[in-house]
Amino acid sequence: GAVVSQHPSRVICKSGTSVKIECRSLDFQATTMFWYRQFPKQSLMLMATSNEGSKATYEQGVEKDKFLINHASLTLSTLTVTSAHPEDSSFYICSATGTGYEKLFFGSGTQLSVL
Amino acid sequence: KQEVTQIPAALSVPEGENLVLNCSFTDSAIYNLQWFRQDPGKGLTSLLLIQSSQREQTSGRLNASLDKSSGRSTLYIAASQPGDSATYLCAVRTSGSRLTFGEGTQLTVNP
């Protein structure tokens, strides 16, 4: 199956700093990428959908200026958590799909801890 | 708005037992349904995908069924093993490639 690589797997940062998470499709062209957030013992909540070369579409309640998403190429999307606060601490997962794929392929997730 | 519910939230069984996980969804206009496995602190591993026109899919000891009209799916695990311990997530695909997830069933298989 197709491979999606997500980095870093874990990051600890101070409150007020910005953190960038990368999601790469290693062996296919990801025309669409999704970013999810997951709190402990809860399900995945979709934050935004990004299509290559276009602005991301954010879900209701997700702050665009806080969670910056860039999908500048067919193999890379980034999520930047700006001015992170402790309440942003969560598990973030990306997924990707491409033309002709029925499935979404998921990254291994990033555990963000904001002190 | 699509809502996905999974029952039970948690399940603990002895090794070797057969078990069934349940998933229900409110909007039957789906493209497909997927079952995923998630280990603690890890990403998702796709187990089975059932197209809306299909009734079931099988992979090894896993069998997933889909009754689209009633909004239900089940994941059957035969002869459970301790290595099956994980959280199992059900997700339905509706418009575009959007997935709506259930909250998962946390499975523990005891040796």
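Data overview
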| item | result |
| --- | --- |
| Residue check, B:L75 part of a strand (DSSP E or B), at pLDDT 95 or above, within 14 Å of another protein chain (Cβ to nearest Cβ) and in contact with a Phe, Trp or Tyr (Cβ under 6 Å, 6 or more places away or on another chain) | no |
| Selection status of B:A86, farther than 27 Å from A:S89 by Cα and more than 12 Å from every other protein chain (Cβ to nearest Cβ) | no |
| A:Q60 within 11 Å of another protein chain (Cβ to nearest Cβ) and either in a strand (DSSP E or B) or in contact with a strand residue (DSSP E or B) (Cβ under 8 Å, 6 or more places away or on another chain) (or both) | no |
| Hits in the stretch B:55-64 - residues which are more than 14 Å from every other protein chain (Cβ to nearest Cβ), assigned to a strand (DSSP E or B) and free of Cβ contacts under 8 Å to residues at least 12 places away in the same chain | B:E56, B:T58 |
| Number of the exception - A:Y92 against (1) under 20 Å from B:P40 (Cα atoms); (2) assigned to a loop (DSSP other than H, G, I, E, B) | (2) |
| Single residue of B:Q34, B:Q2 found to be surrounded by fewer than 22 Cβ atoms within 10 Å (Cβ to Cβ), in contact (Cβ under 8 Å) with a residue 40 or more places away in the chain, of a type outside the set (D, E) and closer than 25 Å to B:S95 by Cβ | B:Q2 |
| Any hit, the stretch A:30-37, residues being more than 11 Å from chain B (Cβ to nearest Cβ), free of Cβ contacts under 8 Å to residues at least 12 places away in the same chain and crowded, with 16+ Cβ neighbours inside 10 Å | no |
| Residue ID - surrounded by the most Cβ atoms within 10 Å (Cβ to Cβ), chosen from residues in the stretch B:37-54 that are within 8 Å of chain A (Cβ to nearest Cβ), of a type in the set (G, A, S) and outside any strand (DSSP E or B) | B:G43 |
| Cross-chain or 6+ apart pairs with Cβ under 9 Å, the stretch A:41-52 first and at the interface with chain B (Cβ under 10 Å from one of its Cβ atoms) and among the basic types (K, R), then in a strand (DSSP E or B) and buried (at least 19 other Cβ atoms within 10 Å of the Cβ) | A:K41/B:T87 |
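Each row is one residue, and each column tells you yes or no for (1) over 25 Å from B:C90 (Cα atoms); (2) in contact with a Phe, Trp or Tyr (Cβ under 6 Å, 6 or more places away or on another chain).
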| position | (1), (2) |
| --- | --- |
| A:C13 | yes, no |
| A:L46 | no, yes |
| A:K64 | yes, yes |
| A:F67 | yes, no |
| A:L76 | yes, no |
| A:Y101 | no, no |
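The values are calculated or read from the model by the stated rules, or taken from the named source; none is laboratory data. Bear in mind the structure is a predicted one, so any value in this text is a computation, not a measurement. All Cβ positions, even for glycine, are placed from backbone atoms using ideal geometry, and neighbour counts span all protein chains on display.
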